[in-house]
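Colleague: Okay, here's the structure, questions in a sec.
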Amino acid sequence: MKLDIDRFISSMTLTEKASLCSGFTNWHTKPIERLGIPSIMVADGPHGLRKQELKENEFQMIHDSAVSVGFPTGPGLAASFDRDLAFRMGEALGNECQAENIQILLGPGANIKRSPLCGRNFEYYSEDPLVAGEIAAAWINGVQSKNVGTSLKHFAANNQETRRMAISAEIDERTLREIYWANFERAVKKSKPWTVMTAYNKTNGVYGSENAETLTARLREDWGFDGFVMTDWGAVNDHVAGIAAGCELEMPASGKFTDQLVVDAVRNGRLSEETLDCAVRRILTIVDRALSGRDESAVFNYEKDHALAREIAADTIVLLKNDGAILPLNPKAEIAFIGAYAAAPRFQGGGSSHTNAFRIENALDSARAYGANIGYAQGFSGEADETDLKMQAQAVELAKKSDVAVIFAGLPDSFESEGYDRTHMRLPDCQNALIRAVRAVQPNVVVVLHNGSPVEMPWAADVDGILEAYLGGEAIGAAVSDVLFGSVNPSAKLAETFPTHLEQNPSALNFPGDSKTVEYREGIFVGYRYYDAKKLEPLFPFGHGLSYTEFQYRNARIEEIDPVAADVRVAVDITNAGPRFGKEVVELYIAPLKAKKKRPVQELRDFAKVALEPGETKTVRFSLGRRAFAYWETEIHDWYVAGGEYEIRFSASSRDCRAALTVRLNGDPILPIEITPDTLVCDLLEYPGADEILTPLIRGIALTFLPENFDFDSEKIDPTILNMMTGVPLHSMRSWMQDRFDPQMLENVIDQFKRHMEKVAKRR
Ligand code: BGC
């Protein structure tokens with residue numbers, strides 16, 4: 001169908017226009033029957049379809065929804081570092097939406113994992129904006145390839161659940177640009193989501209749903225977004241201010257209350273009718289796009305999507321530790337599976353992303369399908385944090401008489417959910433105690449973890465194997481068995497750092513803030529950017545993940561370079577030097593060498609995943625543009641590439657650089673310096689060609705410390721004196737030079753310097 005939007009707008013009453021800007025039900029936009037304007041349906045998202053079919057007068061709990069397939073949640077999908085996989089998951093979900101007559105799927109959640117404690121971390125991808133943006137874009141492109149819209153959320157800086165509907169995230173300009181907006185910017189530019197969902201919280205005092213800077217200046221004007229913006233559910237504070245700022249749709253229904261406010265605002269001049277028309281046009285454009293792309297023939301193939309969920313899940317599991325090659329397991333060994341999650345995996349988190357799974361596969365049954373001889377002991381209850389000595393003793397007994405113990409640990413449902421944050425980073429104490437007790441009687445221990453965010457592992461050094469299985473969707477149990485028995489070679493890597501303990505994390509002193517604000521004092525030093533800068537040893541670094549095979553990185557080379565435009569093409573050859581098929585995630589970091597401005601030691605600027613047969617070599621190529629080398633310069637409010645040397649690192653993890661190249665870039669025009677009598681000499685000396693202008697001045701000041709007849713041409717000034725002198729402001733030359741000072745000198749230096757800066761600017 002094709003809606004004649006202009007005709008609709010010209011025939012709509014003011015009340016009808018206002019009514020379109022709020023929901024009809026929890027999940028529908030408003031229809032206008034008089035004009036034949038249809039309604040569209042939205043549903044959560046992001047890792048499975050949560051379709052709630054509201055029947056009249058029927059109340060539905062958040063977890064009541066139609067049966068669907070639970071796919072791996074955000075952290076695992078990001079850990080796959082696999083854009084194709086994210087696309088395929090999106091495609092499957094898009095098809096399910098068509099089959100279920102859903103027009104917009106409410107995801108992905110691309111927020112940055114700032115603190116391990118955020119209750120909703122299991123829905124988010126990474127501590128790094130590039131990974132979050134890339135995976136989000138691939139997922140969006142997959143869903144939208146089926147002519148179903150997405151809603152990139154929660155824009156922006158919704159990084160905690162505590163007081164999420166009111167707290168203000170206080171974030172400086174550079175940090176917003178480089179971290180908390182960069183993820184959204186990348187996703188919007190690479191995938192053009194049909195809609196964006198605002199954050200509940202405020203940023204620097206302004207609600208996400210009424211922030212013109214984010215919703216209009218950034219999203220539309222800078223990044224080219226052309227869909228409509230909706231509020232998170234109930235995130236409206238001032239609907240009229242929201243529409244004016246660029247937030248078109250209030251969700252869910254407002255009971256007509258806010259519609260009237262919009263009508264009044266137009267009547268009393270607070271909101272122009274053109275702005276309202278523009279909002280209506282944006283909504284109708286997407287309604288039209290959705291209905292034009294309607295595919296009545298789509299079928300929800302549960303078996304097929306479940307099989308895909310299993311395939312994806314296997315590629316989201318991170319092998320964190322594998323001492324003595326304890327994995328893969330020999331199915332002929334006597335194996336003890338211990339822990340409640342072996343029989344009932346924890347595969348998703350609580351809240352609006354909760355799916356009603358089609359079929360849950362557990363590791364226990366799946367492992368038996370490998371012909372393995374498995375004993376099982378529950379060990380702990382899986383819900384409460386209470387040590388059950390009887391269960392623990394049974395687990396210890398079983399472990400004692402087995403060849404190897406695999407302990408399935410993780411966070412209970414109540415520990416991780418939308419709506420509240422975790423209060424600590426530990427596993428339940430009863431699980432830590434169980435791991436210790438089993439390890440005391442069994443030297444061969446593997447721990448499998450189910451959690452959406454890092455946990456402390458006080459026993460990490462004492463066990464040989466650790467698998468991070470995250471909340472990997474309904475098929476995670478089978479996928480874990482695939483990895484345990486080696487039919488799948490693990491290939492995922494952490495898209496977040498696992499600190500040794502909570503306090504090691506950069507946000508620890510400023511999370512979750514006081515009652516009104518949370519200050520992001522760590523600034524740009526989020527995740528690995530902090531651990532690297534502080535030279536801290538986390539438990540497992542960003543980008544870490546092992547394989548059952550070995551990869552070699554060779555022949556790192558520059559294939560093309562334009563040092564003026566900062567365009568660089570590089571390549572590296574990756575060889576599978578081990579005995580099995582495997583996939584390697586190649587991480588490309590850029591490290592500015594001798595940066596004058598505060599910069600992270602290195603930043604991830606691209607990644608690639610390459611599949612290799614034993615002995616096979618493939619070339620991986622990367623194209624780096626100026627943005628890969630740039631930082632946000634607050635002096636000019638723009639991205640800036642500093643001239644100088646950069647190291648390009650090809651790494652297997654953020655702490656495992658395998659090959660590196662150095663490039664020299666011309667950089668952007670030198671930034672002008674503001675020169676006044678207050679300017680420090682050392683700041684001026686940073687400017688090219690400055691020493692010549694400043695020499696008479698420095699000499700004049702130096703004579704305060706030197707004999708009158710000091711010969712500047714043949715003798716060297718003591719460097720300590722030089723350092724002291726350069727730390728002074730220009731005006732202080734008066735007191736240093738005393739009666740040798742002539743006010744004209746100061747003016748001359750300032751004038752000459754200004755002229756010099758103009759000349760340099762022209763030359764470039
Ligand atoms: C969540 C959103 C979700 C919406 C609809 C809100 O509470 O924050 O992520 O899409 O509910 O369920």
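Colleague: Does residue 613 count as more than 23 Å from the chain's Cα centre (by Cα), farther than 17 Å from residue 491 by Cα and at pLDDT 95 or above?
Modeller: In short, no.
Colleague: Now a separate question. Only one of 290, 265 is over 32 Å from the mean Cα position of the chain (by Cα) and part of a helix (DSSP H, G or I); which?
Modeller: None of the others qualify; the one that does is 265.
Colleague: Got at least one residue in the stretch 555-562 being closer than 23 Å to residue 664 by Cβ, of a type in the set (Lys, Arg) and either part of a loop (DSSP other than H, G, I, E, B) or modelled with pLDDT of 95 or more (or both)?
Modeller: yes
Each row is one residue, and each column tells you yes or no for (1) within 23 Å of residue 496 (Cβ to Cβ); (2) within 16 Å of the ligand (Cβ to nearest atom); (3) touching a residue at least 12 places away in the same chain (Cβ under 8 Å).
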position: 74; (1), (2), (3): yes, yes, yes
position: 80; (1), (2), (3): yes, no, yes
position: 84; (1), (2), (3): yes, no, yes
position: 87; (1), (2), (3): yes, no, yes
position: 92; (1), (2), (3): no, no, yes
position: 100; (1), (2), (3): no, yes, yes
position: 108; (1), (2), (3): yes, yes, yes
position: 113; (1), (2), (3): yes, yes, yes
position: 118; (1), (2), (3): yes, yes, yes
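Colleague: Separate question: Tally the residues that are assigned to a loop (DSSP other than H, G, I, E, B) and open to solvent by 60 Å² or more (accessible area, probe 1.4 Å), restricting the search to the stretch 617-651.
Modeller: So the answer is 4.
Colleague: Checking the condition in the same structural domain as residue 191 (by TED's automatic domain parsing), in contact with a Ser or Thr (Cβ under 9 Å, 6 or more places away or on another chain), farther than 23 Å from residue 163 by Cβ and surrounded by fewer than 24 Cβ atoms within 10 Å (Cβ to Cβ), which residue from 103, 98 passes?
Modeller: It is 98.
Colleague: Do you know which of the residues in the stretch 166-183 that are of a type outside the set (A, V, I, L, M, F, W, C) and open to solvent by less than 10 Å² (accessible area, probe 1.4 Å) is farthest from the ligand (Cβ to nearest atom)?
Modeller: Filtering first and then ranking leaves 175.
Colleague: One residue is enough: does the stretch 231-253 have a residue meeting the conditions hydrophobic (A, V, I, L, M, F, W, C), free of Cβ contacts under 8 Å to residues at least 40 places away in the same chain and surrounded by fewer than 19 Cβ atoms within 10 Å (Cβ to Cβ)?
Modeller: No, that holds for no residue.
Colleague: With the structure loaded, tell me whether residue 145 is away from the ligand (no atom under 16 Å from the Cβ) and surrounded by 24 or more Cβ atoms within 10 Å (Cβ to Cβ) or whether it fails that test.
Modeller: no
Colleague: Is at least one residue of the stretch 556-575 of a type in the set (S, T, N, Q) and in contact with a Gly (Cβ under 7 Å, 6 or more places away or on another chain)?
Modeller: no
Colleague: Any idea which of 270, 281 is open to solvent by 60 Å² or more (accessible area, probe 1.4 Å), touching a residue at least 60 places away in the same chain (Cβ under 8 Å) and more than 16 Å from the ligand (Cβ to nearest atom)?
Modeller: Step by step, each of 270, 281 is checked, and only 281 is open to solvent by 60 Å² or more (accessible area, probe 1.4 Å), touching a residue at least 60 places away in the same chain (Cβ under 8 Å) and more than 16 Å from the ligand (Cβ to nearest atom).
Colleague: From the residues in the stretch 184-226 that are over 26 Å from residue 167 (Cα atoms) and within 16 Å of the ligand (Cβ to nearest atom), which one is surrounded by the fewest Cβ atoms within 10 Å (Cβ to Cβ)?
Modeller: Restricting to residues being over 26 Å from residue 167 (Cα atoms) and within 16 Å of the ligand (Cβ to nearest atom), the top hit is 194.
Colleague: I need the full set of residues from the stretch 355-385 which are within 26 Å of residue 429 (Cα to Cα) and either within 16 Å of the ligand (Cβ to nearest atom) or in a loop (DSSP other than H, G, I, E, B) (or both), in order please.
Modeller: 362, 378, 379, 380, 381, 382, 383, 384, 385
Colleague: Looking at the structure I just gave you, is residue 77 in a strand (DSSP E or B), open to solvent by less than 10 Å² (accessible area, probe 1.4 Å) and closer than 24 Å to residue 188 by Cα?
Modeller: In short, no.
Colleague: Just the residues that are more than 16 Å from the ligand (Cβ to nearest atom) and either under 29 Å from the mean Cα position of the chain (by Cα) or of a type in the set (A, V, I, L, M) (or both), please, taken from the stretch 240-262.
Modeller: Answer for the stretch 240-262, where residues must be more than 16 Å from the ligand (Cβ to nearest atom) and either under 29 Å from the mean Cα position of the chain (by Cα) or of a type in the set (A, V, I, L, M) (or both): 240, 241, 242, 243, 244, 245, 246, 248, 261, 262.
Colleague: Hey, residue 154 hits all of (1) within 15 Å of the ligand (Cβ to nearest atom); (2) part of a helix (DSSP H, G or I) but one; which does it fall short on?
Modeller: Only one criterion is unmet by residue 154, namely (2).
Colleague: Then there's this: Let me spell it out: the conditions are (1) in a loop (DSSP other than H, G, I, E, B); (2) surrounded by 21 or more Cβ atoms within 10 Å (Cβ to Cβ); (3) of a type in the set (Asp, Glu), and residue 64 meets all of them except one. Which number is the exception?
Modeller: (2)
Colleague: Does residue 297 satisfy the criteria of being small (Gly, Ala, Ser), modelled with pLDDT of 95 or more and not in a helix (DSSP H, G or I)?
Modeller: yes
Colleague: Another one. Looking only at the stretch 7-18, which residues are open to solvent by less than 20 Å² (accessible area, probe 1.4 Å) and either of a type in the set (S, T, N, Q) or within 15 Å of residue 264 (Cβ to Cβ) (or both)?
Modeller: Listed by number, the residues that qualify are 17, 18.
Colleague: So which residues in the stretch 497-509 are surrounded by fewer than 18 Cβ atoms within 10 Å (Cβ to Cβ) and under 19 Å from the mean Cα position of the chain (by Cα)?
Modeller: 508
Colleague: Please work out which one of (1) touching a strand residue (DSSP E or B) at 6+ places or on another chain (Cβ under 6 Å); (2) within 16 Å of the ligand (Cβ to nearest atom) is the condition residue 163 fails and give its number.
Modeller: Of the numbered conditions (1) touching a strand residue (DSSP E or B) at 6+ places or on another chain (Cβ under 6 Å); (2) within 16 Å of the ligand (Cβ to nearest atom), the odd one out for residue 163 is (1).
Colleague: Considering 402, 414, which residue is at pLDDT below 95 and not charged (D, E, K, R)?
Modeller: Unique residue meeting the criteria: 414.
Colleague: For the stretch 717-725, does any single residue satisfy the condition of being in a loop (DSSP other than H, G, I, E, B) and farther than 17 Å from residue 751 by Cα?
Modeller: yes
Colleague: Right, here's the next one. Could you tell me which of the residues 494, 484 is hydrophobic (A, V, I, L, M, F, W, C), under 30 Å from residue 402 (Cα atoms) and open to solvent by less than 10 Å² (accessible area, probe 1.4 Å)?
Modeller: From the options 494, 484, the qualifying one is 484.
Colleague: Residues to consider are 664, 658; find the one that is open to solvent by 50 Å² or more (accessible area, probe 1.4 Å) and touching a Phe, Trp or Tyr at 6+ places or on another chain (Cβ under 7 Å).
Modeller: Unique residue meeting the criteria: 658.
Colleague: Let me ask something else about it. Any residue in the stretch 179-208 that's among the acidic types (Asp, Glu): show its pairings with residues that are more than 16 Å from the ligand (Cβ to nearest atom) at Cβ separation under 8 Å, as long as the two are six or more apart or on different chains.
Modeller: Sorted first by the residue in the stretch 179-208, then by its partner, the pairs are 185/133; 185/218; 185/222; 185/223.
Colleague: Let me ask another. Cβ-Cβ distance below 9 Å, separation of 6 or more or different chains: which pairs start in the stretch 13-33 with a residue that is within 15 Å of the ligand (Cβ to nearest atom) and of a type outside the set (A, V, I, L, M, F, W, C) and end on one that is open to solvent by 30 Å² or more (accessible area, probe 1.4 Å) and part of a helix (DSSP H, G or I)?
Modeller: Every condition considered, the pairs that remain are 22/257.
The values are calculated or read from the model by the stated rules, or taken from the named source; none is laboratory data. On a predicted model such as this, the values are computed, not experimentally measured, just so you know. Here Cβ is always computed from backbone atoms with ideal geometry, including for glycine, and neighbour counts include all displayed protein chains. Note: accessible area is taken over every heavy atom of the protein model, side chains too, but ligands, DNA and RNA are not part of it. Shrake-Rupley method; radii C 1.70, N 1.55, O 1.52, S 1.80 Å.
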